[in-house]
Amino acid sequence: MKRLFVPLSIFLFLLVISNDVRASNDQFEQGYYDIGYKEMNTALQESTEHFKRDIALPSQLPPVPFTHALGRFNDLEGNENDGFEIEYINKDSGNNHYTIRIKPVEHRLELRKEHIDRLLKLKDGQDAVFSSWLSGANLLVFEKGGWQYILSVDKQISNVVTEDVLVDIANSIK
């Protein structure tokens, strides 16, 4: 009986811990689901169907760990506010936060000159704008394939996710 007690106790302990971790993870995700986020590919499909054209995503990510990648298709009043976004987050580190926002170029967001830190060139010759004016985030804004992309990364990881890393990510879109 004693031989069964130890393995059974370990099994039950691991089962309880596993359920606690899963419940914590579900609660973390639920906050995002409550504001319209869902599985990234589902949101991408909704966006593609709405815009009736494909959306190319970067094949490269920032070199920091993420625990979640969630997407959201925004279909708000009028076409100028429609867009697709992806949130890459790490539930264990609030600093590891990276966002991609994509909208049709005909409804692009314009940055004021005083908010532009640097003008850059991508490999394909397209212009890109680097901006640090937004409180808490650095942005790389560029256009590709009829879309405007806004890559945003938390400033607290800007020593790892540098301007050059954001440019590399932009260049990974095919």
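Of Lys91, Lys103, Lys174, all but one fail to be modelled with pLDDT under 95, basic (Lys, Arg) and under 25 Å from Ser47 (Cα atoms); the exception is Lys174. With respect to the conditions (1) within 17 Å of the chain's Cα centre (by Cα); (2) surrounded by 13 or more Cβ atoms within 10 Å (Cβ to Cβ), His50 lacks only one, and its number is (1). Taking the criterion of being in contact with a helix residue (DSSP H, G or I) (Cβ under 7 Å, 6 or more places away or on another chain) and either of a type in the set (Ser, Thr, Tyr) or not in a loop (DSSP other than H, G, I, E, B) (or both), the residues of segment 88-107 that qualify are Asn95, Asn96, Pro104, His107.
Quick check: is even one residue across segment 54-62 charged (D, E, K, R), modelled with pLDDT of 95 or more, loosely packed, with under 13 Cβ neighbours inside 10 Å and closer than 15 Å to Tyr149 by Cα? Scanning segment 54-62 turns up at least one residue that is charged (D, E, K, R), modelled with pLDDT of 95 or more, loosely packed, with under 13 Cβ neighbours inside 10 Å and closer than 15 Å to Tyr149 by Cα. Annotation: of all residues in segment 155-174 being assigned to a helix (DSSP H, G or I) and among the charged types (D, E, K, R), the one that is farthest from Leu119 (Cα to Cα) is Lys155. For segment 73-106, the set of residues classified as of a type outside the set (Val, Ile, Thr) and within 16 Å of Phe28 (Cβ to Cβ) consists of Glu87, Tyr88, Asn90, Lys91, Asp92, Ser93, Gly94, Asn95, Asn96, His97, listed by residue number. Cβ-Cβ contacts under 7 Å between residues 6 or more apart (or on different chains), taken from a first residue in segment 42-71 that is under 14 Å from Val153 (Cα atoms) and assigned by TED's automatic domain parsing to the domain that holds Asp92 to a second residue that is β-branched (Val, Ile, Thr) and surrounded by fewer than 14 Cβ atoms within 10 Å (Cβ to Cβ), are listed as Pro63/Val160; Val64/Val160.
The values are calculated or read from the model by the stated rules, or taken from the named source; none is laboratory data. Every value quoted in this text rests on a predicted model; they were computed, and no experiment measured them. Don't worry about glycine lacking a Cβ; one is built from the backbone with ideal geometry, like all the others, and counts go over all protein chains shown.
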